[in-house]
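Inspection log for the structure reproduced underneath, given as structure tokens.
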Amino acid sequence: QAQLVESGGGLVQPGGSLRLSCIASRSIFRYYTMGWYRQAPGKQRKLVATITNGGATNYVDSVKGRFTISRDNAKNTVSLQMNSLKPEDTAVYYCNANGGGHIYWGQGTQVTVSS
């Protein structure tokens, strides 16, 4: 069973930074588009950022200039560097892999931005 495991969430003050990481259990994910989604309490899960196997990136407008998605195919990892965090960034963040007609999700990691 293919797996995605996130890490790096936590509590941070407004204006602070966090780096989320996701490690994939199978090397085939290096051919997939990888992404980060988030779900705030009482709201739907929404796209944050994606990165193709070729390195092309896409961000939701609310995080442009603050978040950076990257991947290391040799290590089967995808990361999300989050800077200038705001309270509205508080959510459970999920790693996603999309390719070959399949979609995979990680278990999620909580990010809380609060003073």
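GLY8 versus (1) open to solvent by 40 Å² or more (accessible area, probe 1.4 Å); (2) in contact with a Lys or Arg (Cβ under 9 Å, 6 or more places away or on another chain); (3) touching a residue at least 40 places away in the same chain (Cβ under 8 Å): which is the lone unmet condition?
Failing condition for GLY8: (1).
State which residue is nearest to the chain's Cα centre (by Cα) when the search covers only region 106-115 and only residues that are in a strand (DSSP E or B) and surrounded by 15 or more Cβ atoms within 10 Å (Cβ to Cβ).
Applying the filter and picking the extreme gives THR109.
Which one of these does ASN58 not meet: (1) touching a residue at least 12 places away in the same chain (Cβ under 8 Å); (2) polar (S, T, N, Q); (3) open to solvent by 50 Å² or more (accessible area, probe 1.4 Å)?
Condition not satisfied by ASN58: (1).
What is the number of the single condition among (1) farther than 16 Å from VAL111 by Cα; (2) out of contact with any Cys (no Cβ under 7 Å at 6 or more places or on another chain) that VAL63 does not meet?
Every listed condition holds for VAL63 apart from (1).
Looking only at residues in region 11-40 that are surrounded by 14 or more Cβ atoms within 10 Å (Cβ to Cβ), modelled with pLDDT under 95 and not aliphatic (A, V, I, L, M), which one is farthest from the chain's Cα centre (by Cα)?
The extreme case among them is ARG26.
Name the residues in region 67-97 that are at pLDDT 95 or above, assigned to a loop (DSSP other than H, G, I, E, B) and surrounded by 15 or more Cβ atoms within 10 Å (Cβ to Cβ), would you?
LEU85, THR90
Give the residue, chosen from ASN83, ASN76, ASN53, that is over 20 Å from GLY99 (Cα atoms) and touching a Lys or Arg at 6+ places or on another chain (Cβ under 7 Å).
Matching residue, one of ASN83, ASN76, ASN53: ASN83.
The values are calculated or read from the model by the stated rules, or taken from the named source; none is laboratory data. Note that the structure is predicted; figures quoted are calculated from it, not measured. Here Cβ is always computed from backbone atoms with ideal geometry, including for glycine, and neighbour counts include all displayed protein chains. Note: accessible area is taken over every heavy atom of the protein model, side chains too, but ligands, DNA and RNA are not part of it. Shrake-Rupley method; radii C 1.70, N 1.55, O 1.52, S 1.80 Å.
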